């Protein structure tokens, strides 16, 4: 049985490697198809003045179908390429930095795909963007604390006052004075510390406002 399992395991490993190598090309092809669909939809869109009319029905159908195709292929490409960027950056920049890049690419790609799709359907985006801006203001006010933690997390990831595995001491009134622990994770909203007794999750905004330093070595009794 062992003699038969060896080649099977090698074959499965080779198949996994081939899939990992070909996977990025799927998303690149999806991006190319999305661009082609957008160009086709815009070309057909110029043959008529408005959707849902009796003129140029075939062009309307093709323009609408290719606009939907752009939305589908654009979403697939955005999701896949952002995940690939994370897997490429994670060994070099760490999991936290790679996650920030992935979220940024997802937001940028998703927003761009959505706006271009609306334009292909001849939907005015000016009022929509204005309404979205007002909505973002109200949501930002309601989620001020959560957003402050997110921005503080980005600052911590860029400034790097400490790394995962460092033993640090935080001093701030908001955390009750002093907190010692080993950094186990630097997330988007929380920094997790292993204090020895438990895992403490400290909001990034409080960590950013705290005095951060290494834990001093224990003094030996004379």
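Please sort 167-175, 36-44 by packing, taking for each peptide the average over its residues of neighbouring beta carbons within 10 angstrom, highest first.
Descending packing order for the listed peptides: 36-44, 167-175.
Which of the peptides 146-152, 55-61, 68-74 is most tightly packed, and how do the rest follow, going by the mean number of other Cβ atoms within 10 Å of each residue? Working shown, then result.
Values: 146-152: 16.7, 55-61: 13.0, 68-74: 19.6.
Result, highest mean Cβ count within 10 Å first: 68-74, 146-152, 55-61.
Quick check on segment 162-214: what does the Kirkwood estimate of hydrodynamic radius come out to from the alpha carbon pairs, in Å?
About 10.7 Å for segment 162-214.
Could you grab the relative contact order for segment 162-214? Cα pairs under 8 Å, six or more apart, rounded to a whole percent.
Here the relative contact order equals 35 percent.
Values quoted throughout were computed directly from the atomic coordinates according to the rules given, and no laboratory measurement underlies them. Small disclaimer: the values here were computed from a predicted structure and weren't measured. Please note: Cβ atoms are built from the backbone with ideal geometry, for glycine as well, and neighbour counts cover all protein chains shown.
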